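Data first, discussion second: the structure below is written as structure tokens.
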Amino acid sequence: MKYLNQVITVTRWEYRRFFKPKNELLGLSIMLLVSIVSYFGGKYAFSGSSEKSDLIVSQNLDCKLTERLLIDFKLHEVPAEQKSTIIETISNEKKGILLFNNGNVFTIHAYKDSKVLKNLRTILDEYQRLQKMQDIELSQADLDNILSPPTIIESFVYSKNSQRRVLLTYFFAGLMIMAVLLSFAYQFTAITGEKQLKITEQIVSAISPQVWMDGKIFGITLTGISSMFTYSLLGIIGGILFFQFTGAPVSTIINYLHLPSILLFLPFALTGILIWNALLAAIASIITDPNNSGKSSLMMLPLVFVIASFTVTRDPDSALSVFLSWFPFTSATAMPMRWAITEVEIWKLAGSFFVLIVTFYLLRILAAKIFRVSILISGKEPSWNQIFKLMKES
Amino acid sequence: MKDLHSKPILKVNSLSKSFVNVQAVSNISFTIEQGDIFAFLGPNGAGKTTTLRILLDIIQADSGQIEWNLIGGKNSLPFAEQIGYLPEERGLYTDIPIIRSLVYLASIRGMDPSKARVAAMEWLERLGLADRSKEKLQALSKGNQQKIQFIASILHKPIFAILDEPFSGLDPLNQEKFIEYIKEINKQGATILLSAHQMALVEKIANKVFLINNGKEVYNGSLSSIYDLFGKKHVIDLLFKTPAPDNIFQTLSQVESMDRVDDYRVRITFMQETDLKKVLSELARIEDIINLTSHRPDLHDIFLQLVKTHNQ
């Protein structure tokens, strides 16, 4: 009970130290502002481009093509003799587009390539295709018939690998990456900062290294999860608003919130974050000066494993995927991903989760042991060999 | 009073600890009884802080036994609420309001946070820092930070307080105040183990002294008996008009040691059985002495003498 009370006290302290609702709100407000500016800015930019551009064309252009061009362009017809004068004007004034044709060959003159030219090319392609269809007396209906895809009726025995499940796994993996990155920053500040401020001795004279380490792991995990929760909520609300703006019903996004998947992914993600926090805490324990430590790069290790677990999506039933879904440093994301794409028995899910729990239990003990031996080391940073030697001696 | 000083609260037996090539603590033993103010004295690097860290299980001894007469857990270490610790390496959260840090440090030692807040405000009031309770530690001067550190170590009303160099970084006025605070918490029932260099201050509060040098015990006993054993000698301080001559030692008899305080001042320690009349007549023959003071050796003198002898 004493252990539990102390862990709760340290957890609460770490959580309150790093999770600052004011800062979180400020971050969200900035994000919201940026989104609003991007949305309306984009709209404004598009509205500006809807104006018809000037296009100079030769007088002998086919009338069908002229009619089509008139929809998107303001046309100016000129005799063929003026071609070289216009090209010179384009070069001097750095604007204007000239379109000439010689039979089926079209020539475009412009100062530089642009979006307007892309549109012009599409119109010319379309015109050319229609001309060729007419040459072989092919109607539009015949062409549509030729190009229509075959009718295929699919039937699967296992059909639970819905898109919403897969999307949710990506969503949770993304959140895990975010939580790991946040933990990376917090653990660094929490552990190396306390070492530099020389608070450690005061703390460990009151509580055991295990309590201290557990409190840090839980407190910082909670901080990461709180941020994850805030941003997820923002993502969902943002998504709903986006769908509203684009005219789609709210149910489009709510459909993606597949409850069984969430119930499975949450414990996996939580335990995964705890594991990474335990490992990050162990690494941070031996870093005396974060600015000059070679071990700082090790803190990015979790990210590599989380990203590696994405390979499961290529072939969820391969030996590598099966391994990744059991290996505790990747299984928190890899197993839910496999479950979303392929058939995974319940016992395998439970087994993988059990391995995760055991790994976390052992890692936190290891982290506390590393912390205990490196607690009073200042000055030159110890090597891993020294740490393991000290751990053996203790 | 006698009852208060009769129950051993900590027994240390044959404690040793070495680091790579250094024997930090070598086979030391001592007992601290309830109500003691036990001064742990020694020069820099003598092994004081190492011993204190071993007592708190921050580092582990190579050999020896530590027996606490306090309620403890599986590892026989007393529960945190009974122990107060002011580490030699000072440190607190600099970017967090003072009151929050104090409440947290008291609550990890088992104190109820609301009670800790009230007690912290009382202490801050006494130390003239109540109006700065919501400020961050980094806004305070070094001396005031030291006061906060002291509050953090005794706020939860420990039964046993370990104070490593409690007077360092304090001006003389605050040193005197700290002596009063230590006496007060001792009167309220806390046993104190303190390590310090300021002998004049230790003399004012300690009832027992343990002198350690190069990790070894040099003296262990009561403050009164250290004077009985080593304080009966005669110490004469001489002040010269011109730089003190180097050969005074040869012109005087029964000299135990001589220390040159500076160019003009010399401190001479005479043996216990010295005939002062004879010494004074010998001193009268030395020219340029403008001041002469005779006194019994204080703790500082005894400390220097014992360490010197031990090193020899």
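Taking the Cα centre of chain A as reference, the dipole from Cβ charges on Lys and Arg (+1) and Asp and Glu (-1) amounts to some 2040 debye. Using the Cβ of residue A:53 as centre and a radius below 15 Å, the other residues enclosed give a net charge of +4, where K and R count +1 and D and E count -1. Using a 10 Å Cβ count of at most 12 others and DSSP loop calls, identify the longest part of chain A lacking such chymotrypsin sites (Phe, Trp or Tyr not before Pro). Counting at most 12 other Cβ atoms within 10 Å as exposed, the longest clean stretch of chain A is A:159-394.
Return the percentage of antiparallel bridges among DSSP beta bridges fully within the range A:4-135, rounded to the nearest 5 %. Expressed as a percentage, antiparallel bridges in the range A:4-135 total about 45. Each of residue B:168 and residue A:147 was given a label point 7 Å from its Cα along the Cα-to-Cβ line. The distance between the two points is 8.4 nm. Along the range B:178-183 the Karplus relation, 6.51 cos²θ - 1.76 cosθ + 1.60 evaluated at θ = phi - 60°, assigns HN-Hα couplings of 5, 4, 5, 5, 5, 4 Hz to successive residues, with x for each Gly and Pro. Stretched out straight at 0.36 nm per residue, the stretch from residue B:71 to residue B:22 would grow longer than its current Cα-Cα span by 14.3 nm. Each part gets one Cα centre, and for the range B:253-273 versus the range B:104-124 those centres are 51 Å apart.
In chain B, the DSSP beta bridges split such that about 70 percent are antiparallel, to the nearest 5. In the range B:44-75, the residues whose accessible area drops by at least 30 square angstrom when the other protein chains are added to the isolated chain are B:53, B:58, B:60; the probe is 1.4 Å and only protein heavy atoms count.
Measure out, as a whole number of angstrom, how far apart the alpha-carbon centroids of the range A:89-115 and the range A:1-38 sit. The two parts, judged by their Cα centres, are 58 Å apart. For the range B:153-312, the fraction of 1.4 Å probe accessible surface lying on carbon and sulfur atoms is 52 percent.
Between residue B:216 and residue B:138, what FRET efficiency follows from the Cβ-Cβ distance if R0 is 60 Å, with the result rounded to 0.05? It comes to 0.90. Pick from A:260, A:336, A:149: which residue has the top mean-square fluctuation in a GNM of chain A where Cα pairs under 10 Å get a spring? With Cα springs under 10 Å in chain A, the top fluctuation among A:260, A:336, A:149 is at A:149.
Within the range B:82-121, the residues that become at least 50 Å² less accessible when every protein chain is included than when their own chain is isolated (1.4 Å probe; DNA, RNA and ligands ignored) are B:89, B:93, B:100, B:104, B:108. Over chain A, what is the percentage of antiparallel beta bridges among all DSSP beta bridges, to the nearest 5? Of the beta bridges lying entirely in chain A, close to 45 percent run antiparallel.
Computed with a 1.4 Å probe over protein heavy atoms only, the accessible surface of chain B comes to 47 Å² per residue.
Relative to the longest principal axis of the Cα atoms of chain B, the long axis of helix B:142-154 lies at roughly 60 degrees.
Summing charges over neighbours of residue B:221, with a neighbour being any other residue whose Cβ is under 13 Å away from its Cβ, gives -3 when K and R count +1 and D and E count -1.
Using a 1.4 angstrom probe on protein heavy atoms only, the contact between A and B buries about 2400 square angstrom of accessible area, both sides summed.
Only Cα pairs under 8 Å and 6+ residues apart enter the sum, and on that basis the relative contact order of the range A:51-147 stands at 25 percent.
Name the residues of the range A:190-224 whose accessible area falls by at least 30 Å² when all protein chains are present instead of the chain alone, probe 1.4 Å? Flagged in the range A:190-224: A:197, A:198, A:199, A:201, A:202, A:203, A:205, A:206.
If you take all other residues with their beta carbon under 12 Å from the beta carbon of residue B:272, and give Lys and Arg +1 and Asp and Glu -1, the sum is -1.
Subtracting the Cα-Cα distance of residue A:135 and residue A:361 from their residue separation scaled by 0.36 nm leaves 73.7 nm. Computed over protein heavy atoms with a 1.4 Å probe, the carbon and sulfur contribution to the accessible area of the range A:160-393 reaches 70%. Given +1 at the Cβ of Lys and Arg, -1 at the Cβ of Asp and Glu and no other charges, the dipole of the range A:51-147 around its Cα centre is 420 debye to the nearest 20. In this calculation the C-beta distance from residue A:92 to residue A:126 is compared with R0 = 30 Å, giving a FRET efficiency of 0.40.
The values are calculated or read from the model by the stated rules, or taken from the named source; none is laboratory data. Quantities reported herein were computed from a predicted structural model and do not represent experimental measurements. Reconstructed Cβ throughout: ideal geometry from the backbone, glycine too, with neighbour counts over all protein chains shown. Heads up: the accessible areas ignore ligands, DNA and RNA and are worked out on the full protein's heavy atoms, side chains in. Shrake-Rupley method; radii C 1.70, N 1.55, O 1.52, S 1.80 Å.
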